[in-house]
Amino acid sequence: MVVRAFWDALAASIDRLTLAGWIQIISAIGAVAAAIAAASAARSGRAAARTAAKQLPELQKQVEINAAQAKAAGEQVVLAQEMLQAATTAVREAARARTDERAPLVVALLEAPQWPPLIDETRDRMPYGHELRLLDHRSVAQAEAASPARLFARNAERKGLMWFQTRGVLINEGSTTARVRLDDQAEAQFVETTTAKRERLLRPGEVALFEWGAGHTIAEWAEARQKPDPPNPLGACFLTITVFDSFEQGIFDHIHIVMSGRPIVSVDDSFDEVRLASRESEADMGVTVFPTRRTYRSDGPRRDPLPWDGTYAAWWREQGRRATEPA
């Protein structure tokens with residue numbers, strides 16, 4: 001009877017609940033459910049944290065193992081690259097050695113520049129294009145030998161071209177025929193009458209005689225004497241001789257030559273008047289043949305600095321010119 005009375009009372013109470021009461025009851029039930037869920041999540045989080053704490057040393061150890069393996073793999077890659085590079089170098093050097101065995105070997109010997117130089121009042125520079133070549137007999141005929149007795153004032157009298165002649169020989173000391181080409185931009189030619197004055201075949205043991213003429217205006221020679229530092233290319237003339245063979249895997253040799261000196265001296269410290277040096281030794285004229293530079297067709301085209309680039313680089317920079325641009 002008591003229980004029935006309780007349920008009847010509860011039913012009566014529920015009948016008397018308003019909408020607001022029901023809302024409060026539902027809200028309370030939701031809050032309780034949320035609290036229960038939060039407590040459960042907290043317990044799960046603590047369990048996960050304990051599990052992670054146990055696994056962290058193992059994970060750290062695995063990371064260290066992976067790092068060591070990656071480092072070892074990188075070292076193996078570097079070692080493999082070095083071995084490949086060494087093998088490639090060995091193969092290339094072996095191929096070059098075989099090429100050298102059958103390549104021509106041309107050496108150049110040159111005389112000192114002829115003294116005194118020649119002066120051509122009709123020229124104010126080296127010949128261009130199809131102009132009369134400097135070594136043509138007509139050019140030699142219209143020039144006159146320079147004399148220390150003649151003075152050149154600081155005016156138009158210094159516009160004339162003062163140039164030197166020299167001769168040299170090319171000797172093929174190799175075992176195969178060489179093709180020899182004189183620089184197209186220089187006033188050089190082979191002495192023997194051939195169809196091409198700048199190019200010819202040179203058989204093993206054969207000798208070819210060539211001549212070279214080059215110079216500057218008197219004003220430029222004077223500037224080379226007056227302003228020697230940094231080294232002034234106006235006191236130098238340049239020639240390149242190219243040697244090559246007919247093999248597909250052949251060579252190119254370049255013989256670089258410089259004729260230089262300071263043949264013009266001042267009459268006074270102001271350089272208002274200048275003249276030719278009285279003695280050849282005073283002019284300090286000479287010819288330098290640089291060691292032959294060899295390149296291989298198998299290496300592909302390349303452009304190396306010329307041997308005199310470093311000598312005159314500072315002067316060319318001051319003048320705003322490229323290092324390899326001829327003076």
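The values are calculated or read from the model by the stated rules, or taken from the named source; none is laboratory data. Source: prediction; values computed, not measured. Backbone-built Cβ (ideal geometry, glycine too); neighbour counts: all protein chains shown. What goes into the accessible areas is simple: the full protein's heavy atoms, side chains included, and nothing from ligands, DNA or RNA. Shrake-Rupley method; radii C 1.70, N 1.55, O 1.52, S 1.80 Å.
Values for this structure:
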{"quantity": "Matching entry among ALA327, ALA283 (being closer than 23 Å to ALA112 by Cα, at pLDDT below 90 and out of contact with any strand residue (DSSP E or B) (no Cβ under 6 Å at 6 or more places or on another chain))", "calculated": "ALA327"}
{"quantity": "Criterion: assigned to a strand (DSSP E or B), open to solvent by less than 40 Å² (accessible area, probe 1.4 Å) and touching a Leu at 6+ places or on another chain (Cβ under 7 Å) - qualifying residue of GLY174, GLY168", "calculated": "GLY168"}
{"quantity": "Any hit, region 204-221, residues being in contact with a Ser or Thr (Cβ under 7 Å, 6 or more places away or on another chain), open to solvent by less than 10 Å² (accessible area, probe 1.4 Å) and either at pLDDT below 95 or under 27 Å from THR122 (Cα atoms) (or both)", "calculated": "yes"}
{"quantity": "Meets criteria (surrounded by 13 or more Cβ atoms within 10 Å (Cβ to Cβ) and either under 33 Å from the mean Cα position of the chain (by Cα) or at pLDDT below 95 (or both)) for ARG133", "calculated": "yes"}
{"quantity": "Residue match in region 65-79 (condition: open to solvent by 50 Å² or more (accessible area, probe 1.4 Å) and over 41 Å from the mean Cα position of the chain (by Cα))", "calculated": "yes"}
{"quantity": "Selection count, region 161-175, where residues are at pLDDT 95 or above and among the small types (Gly, Ala, Ser)", "calculated": "1"}
{"quantity": "Residue selected from region 140-165 under the condition in contact (Cβ under 8 Å) with a residue 60 or more places away in the chain and touching a Lys or Arg at 6+ places or on another chain (Cβ under 8 Å), by the criterion surrounded by the fewest Cβ atoms within 10 Å (Cβ to Cβ)", "calculated": "ALA149"}
{"quantity": "Filtered residue count, region 108-124, keeping only those that are out of contact with any Leu (no Cβ under 7 Å at 6 or more places or on another chain) and either outside any strand (DSSP E or B) or open to solvent by 70 Å² or more (accessible area, probe 1.4 Å) (or both)", "calculated": "9"}
{"quantity": "In region 233-257, the residues that are touching a residue at least 60 places away in the same chain (Cβ under 8 Å) and within 17 Å of MET162 (Cα to Cα)", "calculated": "PRO233, LEU234, ALA236, CYS237, PHE238"}
{"quantity": "Residue list for region 176-220, filter: under 27 Å from ALA314 (Cβ atoms) and more than 31 Å from the chain's Cα centre (by Cα)", "calculated": "THR217, ILE218, ALA219"}
{"quantity": "Residue check, GLU248 open to solvent by 70 Å² or more (accessible area, probe 1.4 Å), under 23 Å from GLY174 (Cβ atoms) and of a type in the set (Asp, Glu)", "calculated": "yes"}
{"quantity": "Of all residues in region 177-187 being part of a strand (DSSP E or B) and not aliphatic (A, V, I, L, M), the one that is farthest from GLY215 (Cα to Cα)", "calculated": "ARG179"}
{"quantity": "When residues of region 258-291 are limited to those that are of a type in the set (S, T, N, Q), open to solvent by 60 Å² or more (accessible area, probe 1.4 Å) and free of Cβ contacts under 8 Å to residues at least 60 places away in the same chain, the one nearest to ALA219 (Cα to Cα)", "calculated": "SER281"}
